[in-house]
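Notes follow the structure.
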Amino acid sequence: MAVFVLIHGGGSTAWDWHLVKPLLEASGHDVIAVDLPIEDDNAGLEDYTHAVTAAVGEAQHTIVVGHSLGGFTAPLVCDELQSDGLVYLAGMIPLPGETFGDWWTNTGHNRETIDPDPQAAFFNEVPEELVHQARDKERDQQGAWMARPWPGQRHPAVPTGAILCRDDRFFPASFMRRQVHQRLGVEPLEIPGGHYATLSNPDAVAAALNDFAQKIAQTQGKMI
C-alpha cells in the first residue's frame, strides 16, 4: 500500500483529484490531496512544500504526484518526505536554478501553438458539468517565487515516472515527450485525455499511478 500525495496545478485546488482519489483508495492506497497557498503572493515554493508535508505528517511510503505547475513543488515535497517515488502528470519538470519564466523558453514551449481560449486549451475532453465546477473553483494564482530560481539542488534520486496525456492541447504530446526525455531520461506513459485527465479520464490516471506503485513495491520486495 502506498500513500499518494497529490499536488494540484496552477490556479486550482485539491478538488481536481476528487475522481482519482476513490479509485486509488479502492486499490488499497491512502490518498492525501492538499490545497496549496497559491493566492498568497508572499508564499514561496518552500511554503507550498510545508503545506503538503504538514498534511502528510508521519505517513510513510509516499509517492508524490505533481500535475502541471505542481511539478515545481512535487520534487521538493518528495525530498522532504524521503518518498518512495515521484510522478509528473502533464507536469512541468524544473531544473536547478531555473525560474518559472525560463522554463517556457528552455523547454521550447514558447514555440508551440496553443489555443488562447483557456477552456479549449485546458478542458478539452472534460464533461461540461465538470468544466463548470472546475471553473467555479479556480483561484487567483500568485507568486513572487516565479521570478526566483527553482530551489531544488538536484532531481530526487527516487523512481520517477511521467504521465503524458495524448489529447493535451496545452502541453502537446510531442512537446511533453521531448521534455520528459531531456529532463528525466525516461519514457513517458501515455494515456488518453486532455490536460485535465484527472477529470476527463480518471480511470486511466488511477490505473497508471497504481501500476507505478506496484512496480516500486516489487522493486522494494514489498507486498501491495
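Just so it is clear, none of the values below were taken in a lab; they were calculated from the coordinates. Because the structure is a prediction, the values reported are computed rather than measured. Note: ideal-geometry Cβ built from the backbone for every residue, glycine included; neighbour counts use all protein chains shown.
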Checklist entry - Just in region 108-169: which trypsin sites (Lys or Arg not before Pro) are loop by DSSP and have at most 12 other Cβ atoms within 10 Å? => result Arg154
Checklist outcome for this item: The set of residues whose placed amide H lies less than 5 Å from the amide H of Arg139, leaving out same-chain residues fewer than 5 positions away, is Ser12
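If each residue's Cβ is checked for other Cβ atoms within 10 Å, how do Leu23, Leu86, Leu81 rank with the fewest at the top?
Numbers: Leu23 18, Leu86 27, Leu81 21.
Listing Leu23, Leu86, Leu81 from fewest to most nearby Cβ atoms yields Leu23, Leu81, Leu86.
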Item to check | Gain upon complete extension [Gln133, Leu95; 0.36 nm per residue less C-alpha separation] | outcome: 10.3 nm
Checklist outcome for this item: Phi-derived 3J(HN,Hα) across region 84-90 with the Karplus relation (6.51, -1.76, 1.60, θ = phi - 60°), rounded Hz, x for Gly and Pro, is 7, x, 9, 10, 9, 9, 6
Next on the checklist: Assuming 0.36 nm per residue, please report the length gained on full extension of the stretch Glu46 to Thr219 beyond their Cα-Cα distance.
Outcome noted: 59.2 nm
Item to check | Förster radius 22 Å - calculated FRET efficiency between His181 and Thr113 (Cβ-Cβ, nearest 0.05) | outcome: 0.55
Checklist entry - What list do you get for Thr49, Thr219, Thr13 if you sort them by fewest beta carbons within 10 Å? => result Thr219, Thr13, Thr49
Checklist entry - Which length gain, in nm to one decimal place, applies between Glu39 and Ala59 when the Cα-Cα distance is subtracted from 0.36 nm times their residue separation? => result 4.5 nm
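Where does region 5-93 land on the Kirkwood hydrodynamic radius, alpha-carbon pairs, in angstrom?
12.8 Å
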Item to check | For Gly152, distant residues with modelled amide H under 5 Å away | outcome: Gly97
Checklist entry - Between Gly108, Gly194, Gly161, which gets the highest mean-square fluctuation from a Gaussian network model of the chain, Cα cutoff 10 Å? => result Gly108
Checklist outcome for this item: Sequence order, region 185-193: Karplus ³J(HN,Hα) from phi using 6.51 cos²θ - 1.76 cosθ + 1.60, θ = phi - 60°, Hz rounded, Gly and Pro as x, gives x, 10, 8, x, 8, 9, 10, x, x
Checklist entry - Comparing Thr99, Thr73, Thr113, which has the greatest mean-square fluctuation in the GNM of the chain with Cα pairs linked when under 10 Å apart? => result Thr113
